[in-house]
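As structure tokens, the structure follows; a few thoughts come after it.
The values are calculated or read from the model by the stated rules, or taken from the named source; none is laboratory data. Just so you know, these numbers come straight off a predicted model, no measurement behind them. A quick note on method: Cβ atoms are made from the backbone with ideal geometry, for glycine too, and the neighbour counts reach across all protein chains shown.
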Amino acid sequence: MRRITAPIPILVSTFALAAFSLLVLKLAPLPHIAAGTLLLVSLLIGAASGALAAVFFHSVSARARGLRRRVEALLPQDRASVFVPAADELEALSSSLELSARQVRVMLENLERQSARLEAILGSMVEGVVAVDPLLRITFLNRAFAEAMAVSLPIAPGTPLVQVARDHALLEMFTSVLLAGEPRQKKIVLTAAAERSYEVQIAPIAGDPHRGAIAMLYDITDIERLERIRKDFVANVSHELRTPLAAISGYAETLLEGGLEDLAYSRKFVEIILNKGRQLANIVQDLLILSTLESGKPPAPQPISLRETIESAIRTVEPVARHRGVRLSCGSFEDLSVVGYEIRLEQVFVNLLENAIKFNRQDGEVRVEVARDAERAMVRFRDTGLGIPSRDLPRIFERFYRVDKARSRATGGTGLGLAIVKHAVEQMGGSVSVESRLGEGSVFTVALPPAQDCNTTVN
């Protein structure tokens, strides 16, 4: 049924007022007032009331139309066509408000989902992220930033940044960005993060510094370390190759300039050239091995007997040990089978034994011990040598790093043996470590994943 429109209620109210006046006249007649006069007055009052009602209704209707237009203007344009025609303005306004409420509810749900998605993405990033308001109070931070600052989550929103990040350089960057309204980028070494280096980028939120700022921290410590190793490697390779090449060139020129006629020295010069050529060949061979270990595809792992591998390595270094007067010994142990690559594992043992022999004292000893813990097979190479200073222990597995550079070159070392050991063992899923005291010797331990027990004994 169609709703009544505005003029009909006005007329009804007018006639109702006139009828009420007539009823009052019948029930309580006034002798001094004529009936026609009372009826006329009633009609006039009703007409005035209807006019006032019409004005009021028109005002309310105009305001309802204006409010409806404002509501419709807030909604997307494609939603304007869905409004259903209504019988009056109040009904139309009600329909508009209802539709607006639904649209606002949908938008809020979308915003909540997007906010949750964005927070999940930022929270799972490996880069540290922190956002602050204009008063440097935290509005968001992720786990990576909390770990960098050595604080535990959760951090309550509104916490002052200075309570979490006590680094002066970081706080100064935030202050500068909020004052200038321009992004900044700088490398910072954070003391709270164990002196790790970070590339810090801070920008105003949505380009407006009055809304706060957001920072991202990129950990570049490992990148800097690799870059330093690369530079050191290039410099060391150049130096290691230049030294024997200079000797070869110098003695060859001496021979060509008349040294060939001096039989007493010519043979000595040729022997030096040969030794330097072999040193170059060893450096190149070790570099190729390192390149293969780092970039080449490893062969399929297979079970390897520690007994056979250790015996083969000992036989290989026995001549060098006899020449230097160093005893080799291997205690009794239960043979273990480990998973790895036989040639690489023997090379690891040979390199460790050669180092233990070269840097041992006269009449010293190198002892091989095999044991097993809950998860690994352990092979220890214990020597009675010179030992390694504690300051050098963290770097001895770096390429070309030498504790005693003069003695290492004198013994024919390339400076790559321990680097090869580390890469080869890690490629087999194991690890290598060292314990040493200056003047008391060293113990290198190779831990490898076991395959099975062979249940035999080696003496």
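Listed values, structure above:
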read-out: Yes/no for D363 being surrounded by 20 or more Cβ atoms within 10 Å (Cβ to Cβ), among the acidic types (D, E) and more than 30 Å from I248 (Cβ to Cβ); value: no
read-out: Matching residues in segment 122-136 - criterion: being surrounded by 16 or more Cβ atoms within 10 Å (Cβ to Cβ) and either touching a Ser or Thr at 6+ places or on another chain (Cβ under 7 Å) or in contact (Cβ under 8 Å) with a residue 24 or more places away in the chain (or both); value: E127, G128, V129, V130, A131, V132, D133, L136
read-out: Among (1) within 26 Å of D222 (Cβ to Cβ); (2) of a type outside the set (K, R); (3) in contact (Cβ under 8 Å) with a residue 40 or more places away in the chain; (4) touching a helix residue (DSSP H, G or I) at 6+ places or on another chain (Cβ under 9 Å), the one test that M173 misses; value: (4)
read-out: Check on L438, at pLDDT 75 or above and closer than 24 Å to G277 by Cα; value: no
read-out: Of residues in segment 141-186 being among the polar types (S, T, N, Q), loosely packed, with under 14 Cβ neighbours inside 10 Å and within 22 Å of the chain's Cα centre (by Cα), the one nearest to Y198 (Cα to Cα); value: Q185
read-out: Residue in segment 350-369 that is polar (S, T, N, Q), modelled with pLDDT of 80 or more, more than 20 Å from S431 (Cβ to Cβ) and over 47 Å from the mean Cα position of the chain (by Cα) present; value: yes
read-out: Residues of segment 308-338 satisfying the condition of being surrounded by fewer than 18 Cβ atoms within 10 Å (Cβ to Cβ) and either among the β-branched types (V, I, T) or in a helix (DSSP H, G or I) (or both); value: E308, E311, S312, R315, T316, E318, P319, V320, R322, H323, R324
read-out: Residues of segment 214-236 satisfying the condition of being surrounded by 16 or more Cβ atoms within 10 Å (Cβ to Cβ) and either of a type in the set (G, A, S) or farther than 30 Å from V130 by Cβ (or both); value: A215, F233, N236
read-out: Filtered residue count, segment 209-256, keeping only those that are touching a residue at least 24 places away in the same chain (Cβ under 8 Å) and closer than 30 Å to L161 by Cβ; value: 14
read-out: Residue check for E365: under 26 Å from P303 (Cα atoms) and in contact (Cβ under 8 Å) with a residue 12 or more places away in the chain; value: no
read-out: Candidate set: segment 370-385, residues that are over 21 Å from E308 (Cα atoms) and in contact with a strand residue (DSSP E or B) (Cβ under 7 Å, 6 or more places away or on another chain); chosen: the one surrounded by the most Cβ atoms within 10 Å (Cβ to Cβ); value: D383
